[in-house]
Amino acid sequence: LELGKEKKDLEGKKVLITAGPTVEAIDPVRFITNHSSGKMGYALAEAASKRGASVTLVSGPTKIMPPSNINFVPIKSTLDMYDAVMKHFPQQDVIIKSAAVADYRPQYSAEKKIKKQEGDLTLTLVRNPDILFELGQIKEGKILVGFAAETDHVLEYAKEKILKKNLDFIVANDVTQEGAGFGTDTNIVYLIDKTENITKIDKSSKTEIAHHILNKVKELL
Ligand code: CTP
Ligand code: CA
């Protein structure tokens, strides 16, 4: 009850959540991507929907069934995610970017399978847009929440991202800790807001963490 699970306290609010990895094709059979099971984002979508929000979930490929009663938008690449997020952004009250976005994509994606040659292969990767950064430039009254999965200097790097991307708060985790990060059902996170107020959430299920994140959103709405 304390977590807000039983309340419909997000009734009437529109929440956009991104989840999972983005995937960048090298050719029709090869790709580059990031580690991400999508569990955190799907837990957020489910929790927000139960609390009465209208949820749009923009997701890269995962093995999870999307929750019912939400607007599910499957995508593959970062550019696909960019288009879907920009299309839905104007109607939203809250945007939570839990996706593990590929920062780079191959400069060329071959239409046919690249055949193996003698010697090495060099791929040129070009920068993808930083979706969250761009949202930070146009956010106006919306609540913008980012994630930061770090291996070191967790709080320092996460704080830099709040400022750089103009976020209301960031969910930071140290992916090297046991029970945190990719593929696990639990996580250990810090919620850091723009006044550098830090709340540590000890090892909890991703559903519980989702409710903590939504409580913080609710405070700011
Ligand atoms: N993000 C995004 N678009 C990108 C890269 C990241 O929207 N092209 C979002 C992620 O969804 C996350 C936040 O920005 O909410 C932070 O992502 P992260 O990878 O930790 O930060 P980067 O700015 O990409 O920095 P780096 O990977 O160098 O740590
Ligand atoms: Ca990144």
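The values are calculated or read from the model by the stated rules, or taken from the named source; none is laboratory data. In this text the structure is predicted, and so the values were computed from the model without any measurement. Heads up, the Cβs are rebuilt from the backbone with ideal geometry, glycines too, and the neighbour counts pull from every protein chain shown. SASA here: full protein model, heavy atoms, side chains in, ligands and nucleic acids out. Shrake-Rupley method; radii C 1.70, N 1.55, O 1.52, S 1.80 Å.
Some observations on this one:
- Within region 130-146, the set of residues being of a type outside the set (S, T, N, Q) and exposed (fewer than 15 other Cβ atoms within 10 Å of the Cβ) comprises Phe133, Ile138, Glu140, Gly141.
- For Thr184: the one exception among (1) hydroxyl-bearing (Ser, Thr, Tyr); (2) part of a loop (DSSP other than H, G, I, E, B); (3) farther than 26 Å from Ile64 by Cβ: (3)
- Residue in region 64-78 that is surrounded by fewer than 17 Cβ atoms within 10 Å (Cβ to Cβ) and either farther than 30 Å from Ile188 by Cα or within 12 Å of ligand 1 (Cβ to nearest atom) (or both) present: no
- Hey, Leu214 in contact with a Gly (Cβ under 7 Å, 6 or more places away or on another chain), assigned to a helix (DSSP H, G or I) and touching a residue at least 12 places away in the same chain (Cβ under 8 Å) or not: yes
- Considering residues of region 97-124 that are closer than 23 Å to Ala19 by Cβ and open to solvent by 80 Å² or more (accessible area, probe 1.4 Å) only, the residue nearest to ligand 2 (Cβ to nearest atom): Asp103
- So Leu144, is it out of contact with any Cys (no Cβ under 6 Å at 6 or more places or on another chain), in a helix (DSSP H, G or I) and either more than 16 Å from ligand 2 (Cβ to nearest atom) or closer than 24 Å to Thr56 by Cα (or both): no
- In region 164-189, the residues that are closer than 27 Å to Lys63 by Cα, more than 13 Å from the chain's Cα centre (by Cα) and buried (at least 18 other Cβ atoms within 10 Å of the Cβ): Asp174, Thr184, Asn187, Ile188, Val189
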